Amino acid sequence: MSRWLLIGAVAVWSCAAQAPAAEESLLPVHFRRTMCFGPCAAFTANFEADGSATLALVRGASGTPLADLEPGSYRGTVSVDAFESVARLAESASYWELDASYDNPMIMDLPAVETTLRGHTVYNRHDGPDLRALYAALDSVVFGVNWTPDLAQ
């Protein structure tokens, strides 16, 4: 009887040891979109665990809240709750099992997306996984921030 109790305790403990990953905060988050030949936005956004956010805007995109911003540095705040769908999409895409880079250095005219979630960075420019839903969720977070010029720059 005690042997089965010990086996059951070990099984419960091992499952419990893995469970916090889903509950673990996604922040800090790094999200970068590089230039493209079309009307896409190009920026680097960083979100910290305390809710602070920075945006280095290279180019805004028509039809988005970034369209009216001049290139430059911005600050804002964001709620941790804004990342709930991002976390779910990252989990469903097995984000933390993806390679660090999907690229071909011989092809230089494609835009790239670089993300860092829970310390795992994925650079996705060529032949990478389809992370469009994840990127759309991150775009929604970026577009939802009330960005103000960073006067310290």
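See the values below:
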| quantity | calculated |
| --- | --- |
| Extension gain (nm, one decimal) between THR34 and ARG132, 0.36 nm per residue minus Cα-Cα | 33.8 nm |
| Rg/Rh ratio calculated on Cα atoms of region 33-153 (Kirkwood radius) | 0.96 |
| Residues ILE107 and GLU70, FRET efficiency given R0 of 30 Å [Cβ-Cβ distance, rounded to 0.05] | 0.45 |
| Alpha-carbon Rg/Rh ratio, for region 92-153, with Rh computed the Kirkwood way | 1.05 |
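Read-outs throughout are calculated quantities, based only on the coordinates presented, and are distinct from any laboratory measurement. All values derive from a computational prediction rather than experimental measurement. Note that we place each Cβ from the backbone using ideal geometry, even for glycine, and neighbour counts take in every protein chain shown.
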